[in-house]
Amino acid sequence: MKVFRLVSMLALILAVGVATTSCKKVKDADVQAAAQMALVANPDLADVSVAVLDQVATLSGTVKDDASKAYAETTVAAVENVKSVVNNIEVVPPAPDFTAIDTALNSGLADALKDHATVKAEVKDGVVTLTGEIRKRDLQKLMEKVNALNPQQVVNNITVK
C-alpha cells in the first residue's frame, strides 16, 4: 500500500511537471512576429525580414552598411525566446548621388566650350559626352580643359575636321 501510494505520488508529480512544461512551449510564429516588430522600429531595416524555425531566427534582405547589419542581428538576438540568429543580410551601399558633381561639371563645361561653338556636351552621373565638330588643332586643348574638370569619364563623339 505504501509503495502504491509512493508510485501514485511520483506519477502525479511527473504528470504535473510534464503538463507545466508543455504549457510553456513557445510558438515560432510568435517569436517571428516579435522579431519582425523589433525590426520595423528602425527604418534602416525596412528591407530586412526574419524567419524563425525552432527558435532560431534567420535574417535576410539588404541594408546599406555593416553597422545596420550588426544592429539587425543584435536587435533580433535580444527578442525573448530567440536561441540564436543566422544573419544572411547583404550589405548593398546606396548608389552615389552625382547631382553636385554634374552641376559642377556643367558649370565648368560652359567655360571650356565657350571657344568651341560647334561642340556640345551632355553630363550624366559624372560622365561627360562630347558631340559636334572641331578642328584637329583645337581638339587637344578642348580635351585638356574637359579633363581638368575631373569627370568620372569623358566620351568623345566629336567629329574631327
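The values are calculated or read from the model by the stated rules, or taken from the named source; none is laboratory data. Since this is a predicted model, take the numbers as computed values, not measurements. Cβ sites come from the backbone with ideal geometry, for glycine too, and all protein chains shown count toward neighbours. Just so you know, the surface numbers come from the protein's heavy atoms only, side chains and all, with ligands and any DNA or RNA stripped out. Shrake-Rupley method; radii C 1.70, N 1.55, O 1.52, S 1.80 Å.
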- prompt: Does T159 satisfy the criteria of being loosely packed, with under 14 Cβ neighbours inside 10 Å, in contact with a strand residue (DSSP E or B) (Cβ under 6 Å, 6 or more places away or on another chain) and either in contact (Cβ under 8 Å) with a residue 60 or more places away in the chain or β-branched (V, I, T) (or both)?
  reply: yes
message: Tell me whether region 26-38 contains one or more residues that are open to solvent by less than 90 Å² (accessible area, probe 1.4 Å), modelled with pLDDT under 95 and not in a helix (DSSP H, G or I).
response: yes
statement: Considering region 84-128, residues that are of a type in the set (S, T, Y) and free of Cβ contacts under 8 Å to residues at least 12 places away in the same chain, and then whichever is farthest from M37 (Cα to Cα), we arrive at S107
message: If I ask for residues that are open to solvent by 70 Å² or more (accessible area, probe 1.4 Å) and over 12 Å from A33 (Cα atoms), which ones from region 74-83 would you list?
response: T74, A78, K83
message: Within region 93-113, does at least one residue satisfy the condition of being on the phi > 0 side of the Ramachandran plot, open to solvent by less than 70 Å² (accessible area, probe 1.4 Å) and more than 27 Å from the chain's Cα centre (by Cα)?
response: no
